[in-house]
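*Asks:* One structure follows; several queries about it will come next.
The values are calculated or read from the model by the stated rules, or taken from the named source; none is laboratory data. What you see is a predicted model, and the numbers here were worked out from it, not measured in a lab. Glycine also receives a Cβ, built like all others from the backbone with ideal geometry; neighbour counts cover every protein chain displayed.
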Amino acid sequence: MIDVDGYLAVLGVARPAAPTAEALWALHRAHVERVAYENLDIHLGRPTGIDAAASVARVLRGRGGYCFHLNGAFSELLSALGYDITLHRAGVQGTPADPAGAHGDHLALTVRLDGERWLVDAGLGCGMYEPLPLREGTYTQGPFTYAMAPSDAVPGGWRFTHDPRGSFTGMDFAPEPVELSSFAAEHERLSTSPDSPFVRVLTAQLRGAKGMDVLRGCVLRRIDAGGTDDRTIDSADDWYDVLAGVFRLDLTDVDADARAELWRRVHTAHQEWESAGRR
C-alpha cells in the first residue's frame, strides 16, 4: 500500500470521498502543477528504476521524473482512490518528421468514469492540464489547443496532437492494457543511451492553468497567452534557485560537490550549444 495521505499532501488536495470526475480533475491539475517532469538523476549519475512504489517515494520526497515515474506513481494513487485505471503502451512524436506509433517510449493512462474513457497523463511535461475524453475533437486548456482522434498509426488506438507551441508534436497509444514492468527495457535505453534526449539535455517542466515553464539546460522558457519568453540562467546559485522555486524540486540530498559538478557540465553544454549557433 502507498502513503495516500502523504501523496495528497504533496498535491495539496484533500482525500476525495469517492472517485468522482470533480476529484479526478483536481488531482490531475495539482499533479502537473506540483510534481515536475524532470530528468536530473540521469545527469547526476544516479540511475532510477520505474517500480511504482519507488516512484511514489520520489514524489513524497519532493522529486518528479518522466512518464514512467510520473504516470506510474499517479496510477498507483488513482487506483488507491478507487479509480478504474488502465496503463497503455504509447509513443511520443517529437517532430512531424518522426514516425508516429505506440513505440513504447511513453506510458499513457486512461480512466473509465461514468461510462466514458478519459486520457489522464501527468507524464507529458508540456502536455495536458486536465483529462481529455476519448472523443474526436479539439480542446483548449489555457493557452494551448489540443486534438484527440483515432490513431492512424495504431489500430484501435488514439492520438493526442499537441499545440504547435509545444515541445513535441503528438502521442499515440495502443488500446491494450499493459504492465508497468513492460517498459523496463525502454527506460534503460532512455536513461543511458547517448542518443536519448534525456541523456543529451537536462530538463524540468511544470504545467499550470495559464501556461507552463520549461528549463532546458540553462534556458528557462515561459509559455503563456502573452507568448514565449526565454531567459538564460548564468550562475549556479540562480540555476538551483530556479529548480527549487519554479519547479518545486527538493535537492537537499545532493551534496555541494555533486551540485558543482552538475552545474559545470550543464553550463559547459550550454556554452557549446551557443558556440554551435544554438542548433
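*Asks:* Pairs only if they're at least six apart or on different chains, beta carbon under 8 angstrom, first in the stretch 259-279 and without any contact (Cβ under 8 Å) to a residue 24 or more places away in the chain, second in a loop (DSSP other than H, G, I, E, B); list them, first residue then second.
*Replies:* Pairs found: Arg259/Leu251.
*Asks:* Could you tell me whether any residue of the stretch 67-86 is under 23 Å from Glu188 (Cα atoms) and free of Cβ contacts under 8 Å to residues at least 12 places away in the same chain?
*Replies:* no
Residue by residue, here is whether (1) surrounded by fewer than 16 Cβ atoms within 10 Å (Cβ to Cβ); (2) under 23 Å from Phe144 (Cα atoms); (3) among the charged types (D, E, K, R) holds:
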{"site": "Gln205", "(1), (2), (3)": "no, yes, no"}
{"site": "Thr228", "(1), (2), (3)": "yes, yes, no"}
{"site": "Ala236", "(1), (2), (3)": "yes, no, no"}
{"site": "Asp250", "(1), (2), (3)": "yes, no, yes"}
{"site": "Ala256", "(1), (2), (3)": "yes, no, no"}
{"site": "Glu261", "(1), (2), (3)": "yes, no, yes"}
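*Asks:* Another one. Check whether at least one residue in the stretch 180-193 is modelled with pLDDT under 95 and more than 28 Å from Leu11 (Cα to Cα), and report yes or no.
*Replies:* No: zero hits.
*Asks:* Would you pick out the residues in the stretch 77-90 that are among the hydroxyl-bearing types (Ser, Thr, Tyr) and either at pLDDT below 95 or not in a loop (DSSP other than H, G, I, E, B) (or both)?
*Replies:* Those that are among the hydroxyl-bearing types (Ser, Thr, Tyr) and either at pLDDT below 95 or not in a loop (DSSP other than H, G, I, E, B) (or both): Ser79, Thr86.
*Asks:* Step by step: first the residues of the stretch 130-168, then only those that are of a type in the set (Val, Ile, Thr) and surrounded by 17 or more Cβ atoms within 10 Å (Cβ to Cβ), then the one that is nearest to Leu215 (Cα to Cα). Which residue is that?
*Replies:* Thr161
*Asks:* Could you tell me whether any residue of the stretch 59-76 is in a helix (DSSP H, G or I), of a type outside the set (Gly, Ala, Ser) and more than 23 Å from Ala244 (Cα to Cα)?
*Replies:* For the stretch 59-76, residues in a helix (DSSP H, G or I), of a type outside the set (Gly, Ala, Ser) and more than 23 Å from Ala244 (Cα to Cα): present.
*Asks:* Residue pairs, Cβ under 7 Å, 6 or more apart or interchain, first in the stretch 110-131 and closer than 16 Å to Thr145 by Cα and modelled with pLDDT of 95 or more, second charged (D, E, K, R) and not in a loop (DSSP other than H, G, I, E, B). List them.
*Replies:* Pairs found: Tyr129/Arg29; Tyr129/Arg207; Glu130/Arg29.
*Asks:* Does any residue of the stretch 46-55 turn out to be closer than 28 Å to Trp239 by Cβ, of a type outside the set (D, E, K, R), buried (at least 17 other Cβ atoms within 10 Å of the Cβ) and without any contact (Cβ under 8 Å) to a residue 24 or more places away in the chain?
*Replies:* yes
*Asks:* Could you tell me which of the residues Asp213, Asp241 is at pLDDT 95 or above, farther than 20 Å from Ala122 by Cβ and not hydrophobic (A, V, I, L, M, F, W, C)?
*Replies:* When all the criteria are applied, what remains is Asp241.
*Asks:* Can you say whether Ala258 is assigned to a helix (DSSP H, G or I), small (Gly, Ala, Ser), within 23 Å of the chain's Cα centre (by Cα) and at pLDDT 95 or above, as far as the supplied structure shows?
*Replies:* No, not satisfied.
*Asks:* Could you tell me whether Met148 is assigned to a loop (DSSP other than H, G, I, E, B) and of a type outside the set (Gly, Ala, Ser)?
*Replies:* no
*Asks:* Going through the stretch 50-83 one residue at a time, which ones are on the phi > 0 side of the Ramachandran plot and under 16 Å from the mean Cα position of the chain (by Cα)?
*Replies:* Within the stretch 50-83, Gly62, Gly65 qualify.
*Asks:* Among the numbered criteria (1) in contact with a Phe, Trp or Tyr (Cβ under 9 Å, 6 or more places away or on another chain); (2) in a helix (DSSP H, G or I); (3) not hydrophobic (A, V, I, L, M, F, W, C), which one does Thr110 miss?
*Replies:* (2)
*Asks:* Considering each residue of the stretch 57-66, count those that are over 19 Å from Glu186 (Cα atoms) and surrounded by 24 or more Cβ atoms within 10 Å (Cβ to Cβ), and give that number.
*Replies:* 1
*Asks:* Condition first: surrounded by fewer than 23 Cβ atoms within 10 Å (Cβ to Cβ), in contact with a strand residue (DSSP E or B) (Cβ under 9 Å, 6 or more places away or on another chain) and farther than 25 Å from Arg216 by Cβ. Now tell me which residues in the stretch 102-117 satisfy that.
*Replies:* Thr110, Val111, Arg112, Leu113, Glu116, Arg117, listed by residue number.
*Asks:* Same structure again: Residues that are within 17 Å of the chain's Cα centre (by Cα) and not hydrophobic (A, V, I, L, M, F, W, C): list the strands (runs of 3 or more DSSP E) wholly contained in the stretch 173-245 that include at least 3 such residues.
*Replies:* Qualifying strands (runs of 3 or more DSSP E): 203-207, 211-216.
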